Structure formats: structure tokens, C-alpha cells
1. Between SER34 and LYS3, what is the spin-label point distance in nm, taking each point 7 Å from the Cα along the Cα→C-beta axis?
2. What is the distance, in nm, between label points placed 7 Å from the Cα along the Cα-to-Cβ direction at ALA52 and at ALA17?
3. On a full-extension model of 0.36 nm per residue, what is the gain between ALA154 and PHE196, subtracting their alpha-carbon distance, rounded to one decimal in nm?
4. Across the Cα atoms of segment 114-197, what radius of gyration and what greatest pairwise Cα-Cα distance (Dmax) are found, in Å?
5. Rounded to two decimal places and with Rh computed the Kirkwood way over Cα pairs, what is Rg over Rh for the chain?
6. Please give the per residue accessible area of the chain, computed with a probe of 1.4 Å over protein heavy atoms only, in Å².
7. In terms of Cα to Cα distance under 18 Å, which lysines are near enough to LYS120, apart from those fewer than 8 places away along the same chain?
8. Highest mean first, how do 149-155, 174-180, 28-34 rank when packing is the count of other Cβ atoms within 10 Å averaged over residues?
Amino acid sequence: NLKGLDPALESGSQRVAVFIAASESFSRKNTNRSIEESLEQTSDVVNRALEAGVSVRGYLSTVFVCPFEGRVVPEKSAELTRKLLEMGCDQVSLGDTIGAAVPEDIDAVLEALEGVPPEKLALHLHDTYGTALANVTRGLERGVRCFDSSVGGAGGCPYAPGATGNLATEDLLYMLDRGGWEHGIDTDQVLEASRFLEEGLGRPCA
């Protein structure tokens, strides 16, 4: 929001992120705002960031399934993705917030986004039901090359009941390596970071 943007600009940040949700229930529980109210606020943030010469990445939560409303209509997610891009976001990360999506859901949303260049899209996946890597594979098949993940599978959302952490970076890198995909990331350093995280949390990571 604008309150967070000011210190980001003062610190010299060159890139910021904004996010909205694709379902009304999640939007209200997460930010206490409707989708339309969130769009208005987000537009103000994006405009100010761009005026300051800072690039903006958009995040869309509950793209596939909402913990309160169930399946989200692909056309709705596609419409909001386009709105974020039209605002000036240079990329939109499509969030499987509760980790309930399957490859067919990825297909449905990407088909609804026909005409949007794949480099403008990313997939933000959680692994609640063990489908995150399958969804990555489907994304790769459809031209997506950017995937959000976290070391040790850490993360989650307090407003997403039952959701587990994000797709573990280690798992993603293993799959990419085995599949012959170049990624430019030092897997050994990621594993070292995961061990450090485990020690700090006092429990095993994913």
C-alpha cells in the first residue's frame, strides 16, 4: 500500500510488489477490502511507484481455488490479471494460495489469458496436496518460465485455512535439473540455506 511504498522508496528499492485477490471472501478477510477497493488502492501504488522509476510486480491470490468460496472461475482470474498488467505491473504472479490446484486448473487459467505473453506471467505455488511440481510442469509446457518458491518450503498464509508452505526451492531445482532445464541457481547454496533455516526454526523443512 502507499504507507509501505514510502519507506521502500526512501530505502532505494528498485522493485516493489502489489497484490489483490481473485475472490471477494479472501480479499475481505486478508485486507478488509473488496476487490474493487483493492484495485483502486493498488492503482494508486503502481502509479506512484512508476513515477518514481520503480518497477512493479503484481500478485493475484486465490487464482484457482478460494478457501472460503471454492473454485474460482478462470475468466475472473484472467480479468484481474489483465487489469494488473494494464495498470503497469510488468509481471503478474498467479497464486495457488491454498495449494489446491491441479494441472487442469493451470490450463484453464492460461487458456483464459490467451494473448498475454508468458513472460508476463509467473506461477506462485503451494504444495498442500503434493501437486505443485505437476503444476510447474504444466506451466513449463505452456511457456511459463518464472516460478515462485521458498527455501525449505517455508511460508503460508494465516488467512488460508489448511494451506501448507510454498513449493520448496530444493524440489523445484531438482526437477529442473533432472529435466534438463537451465536455471542458474547454485543448488548447494540453497541446501545450505535450508539447513540454516531448519536450525533457526528448530524443525525440519520440507
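The values are calculated or read from the model by the stated rules, or taken from the named source; none is laboratory data. Since the model is a prediction, treat every value here as computed from it, not as a measurement. For neighbour counting, all protein chains shown are included, and Cβ atoms are generated from backbone atoms with ideal geometry for every residue, glycine included. What goes into the accessible areas is simple: the full protein's heavy atoms, side chains included, and nothing from ligands, DNA or RNA. Shrake-Rupley method; radii C 1.70, N 1.55, O 1.52, S 1.80 Å.
1. 2.2
2. 1.7
3. Once the chain is fully extended between ALA154 and PHE196, it gains 13.9 nm.
4. Cα radius of gyration and Dmax of segment 114-197 are 13.4, 42 Å respectively.
5. My calculation puts Rg/Rh at 0.96.
6. Per-residue value: 51 Å².
7. LYS76, LYS83
8. So the order, starting with the most tightly packed, is 149-155, 28-34, 174-180.
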